[in-house]
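The values are calculated or read from the model by the stated rules, or taken from the named source; none is laboratory data. Every value quoted in this text rests on a predicted model; they were computed, and no experiment measured them. Neighbour counts run over all protein chains shown; Cβ positions are idealised from the backbone, glycine included.
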Amino acid sequence: MNLLTSRSHFKTMDEYIAEFPKNVRDVLEELRGVIRESAPQAEEAISYGIPTFKLNGNLVHFAAFKNHIGFYPTPSAIDAFNKELSPYKQAKGTVQFPIDNPIPFDLVRKIVRYRVKENRESGKKKK
């Protein structure tokens, strides 16, 4: 359950991040920066009540929880990086990074770049 369940109607990523304690805000801002750097053409949004980057559709989402940061790069990316993500709790399209451990930002960069390529290719097929 999202740490901010009672306040789930954010309009911007800044509003979402601002609601957390400083230690969590710092992690969320760093994650946001890594995603932005890896997908400079992606647009920031709030989708499903959480921070989202969009590029030819949803690219990745992230959210803060009591004990982890949820990162949602889609099931295809979880499958593609299954070995590297194996130390972390996973579900079909999500991975949980424990809040008290460093986030593997290099791996996040790789996953985001993979998703950019995937979304661009899928956008070409639709045209």
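State whether one or more residues within the range 44-52 are closer than 16 Å to residue 113 by Cα and either of a type in the set (A, V, I, L, M, F, W, C) or at pLDDT below 95 (or both).
No - not one qualifying residue is present in the range 44-52.
Looking at the range 69-87, can you tell me whether even one residue there is assigned to a strand (DSSP E or B), within 17 Å of residue 101 (Cβ to Cβ) and aliphatic (A, V, I, L, M)?
yes
If the requirement is being crowded, with 18+ Cβ neighbours inside 10 Å and either in contact (Cβ under 8 Å) with a residue 24 or more places away in the chain or within 23 Å of residue 48 (Cβ to Cβ) (or both), which of these qualifies: 91, 77?
Going through 91, 77 in turn, the sole match is 77.
Name the residues in the range 24-44 that are more than 21 Å from residue 102 (Cα to Cα) and surrounded by 17 or more Cβ atoms within 10 Å (Cβ to Cβ), would you?
Within the range 24-44, 39, 42 meet the criteria.
Any chance the range 10-23 includes a residue that's basic (Lys, Arg), exposed (fewer than 14 other Cβ atoms within 10 Å of the Cβ) and in a helix (DSSP H, G or I)?
yes
Of the conditions (1) surrounded by fewer than 17 Cβ atoms within 10 Å (Cβ to Cβ); (2) of a type outside the set (Lys, Arg); (3) in contact with a strand residue (DSSP E or B) (Cβ under 9 Å, 6 or more places away or on another chain); (4) under 25 Å from residue 9 (Cα atoms), residue 82 satisfies every one except a single condition; which number is it?
Of (1) surrounded by fewer than 17 Cβ atoms within 10 Å (Cβ to Cβ); (2) of a type outside the set (Lys, Arg); (3) in contact with a strand residue (DSSP E or B) (Cβ under 9 Å, 6 or more places away or on another chain); (4) under 25 Å from residue 9 (Cα atoms), only one is false for residue 82: (4).
Based on what the data block shows, is residue 54 under 12 Å from the mean Cα position of the chain (by Cα) and among the basic types (Lys, Arg)? Spell out the reasoning first.
Details: under 12 Å from the mean Cα position of the chain (by Cα): yes; among the basic types (Lys, Arg): yes.
When the stated conditions are applied, residue 54 passes them.
Can you name the number of the only condition in (1) out of contact with any helix residue (DSSP H, G or I) (no Cβ under 7 Å at 6 or more places or on another chain); (2) within 27 Å of residue 21 (Cβ to Cβ); (3) not in a helix (DSSP H, G or I) that residue 106 fails?
With respect to (1) out of contact with any helix residue (DSSP H, G or I) (no Cβ under 7 Å at 6 or more places or on another chain); (2) within 27 Å of residue 21 (Cβ to Cβ); (3) not in a helix (DSSP H, G or I), residue 106 is out only on (3).
All but one of (1) at pLDDT below 95; (2) within 19 Å of residue 108 (Cα to Cα); (3) not hydroxyl-bearing (Ser, Thr, Tyr) hold for residue 80; which doesn't?
(1)
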